[in-house]
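Working notes, beginning with the structure itself.
Where a number appears in this text, it was derived from the coordinates with a stated rule and is not lab data. Just so we're clear, the structure is a prediction, and the values are computed from it rather than from any experiment. For neighbour counting, all protein chains shown are included, and Cβ atoms are generated from backbone atoms with ideal geometry for every residue, glycine included.
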Amino acid sequence: MAIILVLSEAVTDVQALVDGLAVGMSRPAVVEYLSHIATYLLAMVQNEVKISSSERRYQATHEQQQILSHDIQPDHMVKIVAFAGTGKTSTLVRFAEERPHLRFLYVAFNKSVASEAQRCFPTNVACKTVHSMAYRDIGKSYQLHKKLGFSLKVFSIARALPAGRGGYVHGKVVTTTLSAFMASADRQISACHVPISFKNHKGITQMLDHHSKMEYVQDCEEIWRKMKDFKQKQHDGHFMTHDGYLKLWQLKEPRPCLTRQYDIIFIDEAQDCTPAIMDVLLSQRCAKVLVGDPHQQIYTFKGASFRFGPEIAYVGATLLQVCKKVQKILVGGNQKGSVYGENFDPVAQMPLATSPALGSIAILSRSNFGVFNEAGVSGIGLGKILDIWLLKQTRHRRDSAIEDAFIRSFGGYKNLQAYALQSEDRELEGKLAVVEMHGQHVPELVARLRACHEDDLHRADFVLGTVHKAKGLEFDTVMVCDDFARVPVARHHLNEMSADTTQDEWNLLYVAVTRAKSTLIMTRNIRNILTQAGEYFLKSEMTDSLLTEGQPPCCVVPQCLHHVSAHAAFTMCKRHMKF
């Protein structure tokens, strides 16, 4: 009735409504009733109360209701448990929606995550990256002085070191030390930032004594001083970096103040914060909500507030159990998930550049090398890959065509290979591996991506990228590449797992798996991980449906001569998995 009243185009429409209502009640009562409705609707509009919403509302669990009901004060710091897919964003969105009078800052560490968050949060929440805030205060000045680079490069640092202290090996130690200092909350470079060892030109690990560490500290102090100086531009190694101006933002006096703009700060993925970032955010005199501790019990939102269903949740929990020796309960939502390859056929057509599968499809890799091999294209560093390929060609084909000055400066492919090895530049090693594997097809593959590239994540048929770029995002279908850390095939070989595999490597695989909302296309390696936990991929079938020409099937175990009894009501069958 209220909608009829609001949508009435003329007085005659309203009069017809009044006449209709007057059949069962007096005309003054009808007018009074409509007046109350109008007053109520006006109050809702003036107070920015949503009249209706097409979005489903989900009842929070007891634990999450405690968060939503918390009477947060300016001096409070709240820590929220949030494993992958547990509805942390939904919790934060509702927390902000229920406090429209407060101003929130949502801090992310990835631009795509911040942009996606801005689509979800109400208007009283500003979503920003830490680097964007530091750039506004510090980094922009270096950009205006044309003294802003991207990141520390061993090649550039090695050339900027004084005579007798140069070379890629020394440059690697200095780069590592500066990176450690920039990530720390410390105000001065010290020996604690210098690595305890390094690899020499022969690839042999050598320990660093205190005297050697102090020499590296002096080298770093000189590089850092010149990085800060707007006038020092004679070497690329003297240019400011993104992590560098973030460090200056942390060190600035007076300290960065966000309290005047915001009442509460949401710190997402808090476990990934560097000490430098935490030093800035925790020093703010406003309430802070930290989200991310991965070592606690996982609770559930009812319905679709969980990203994935129990099938994908089971895979994620098993990864933690086998690879990290962490026993955690990961509960999925009510929605149906697919992990056994039931929806493989549409996904198998991805290399054909067709997208018959419903929803967004992501191909996630450990490295850009894996992305390139899986899809035939790479989303990052295409120009550099092409330049490396040109560097490998004969001189008359390459010199004028190589655009990247860094790659061109080596003069030869073997020199670039030697640099990548000595500097332990994993990103460059990945690009070299792409060139080695694809050879003469590199120009064609690069051209294919440039022809069909789509910047908008939501319009793309396929999302190709590394797990680092996908962290914080979600996709309907995820295909995990096979370049992640591995486990032995058989359970009795579990003690043979490489001790060199870090916790971060297993975390990357866990993040990749838990990006999926409905369909996860697993690899043989993930299947092996599930096998380690005692998963044999069995399902129950009615025996009648398994009979072939009236004869029961044989056992799937090799050399087993037993047959399934035709009189059995049910038979356990091996699931057929597609990779």
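Kindly put C192, C127 in sequence by how many other C-beta atoms sit within 10 Å of each C-beta, fewest to most.
Going from least to most buried by this count: C192, C127.
Do any GluC sites (Glu not before Pro) in segment 399-456 lie in a loop, going by DSSP, with at most 13 other beta-carbon atoms within 10 Å of their beta carbon, and if so which?
Sparse-neighbourhood loop GluC sites (Glu not before Pro): E403, E454.
Which value in nm describes the separation of the simple spin-label points at A447 and T39, placed 7 Å from the Cα toward the beta carbon?
The answer from the label model is 7.4 nm.
Under 1.5 on a/c is rounded, so check that first for segment 150-239, then, if it is not, pick prolate when a/b is larger than b/c and oblate when it is not; a ≥ b ≥ c are the square roots of the alpha carbon gyration tensor eigenvalues.
Oblate, because a/c is 1.5 or more while a/b does not exceed b/c.
Could you list V446, V31, V564 in order of exposure, starting from the residue whose Cβ has the fewest other Cβ atoms within 10 Å?
Fewest-to-most Cβ neighbours within 10 Å comes out as V31, V564, V446.
Please order H193, H101 by the number of other Cβ within 10 Å, starting at the fewest.
In increasing order of surrounding Cβ atoms, one gets H101, H193.
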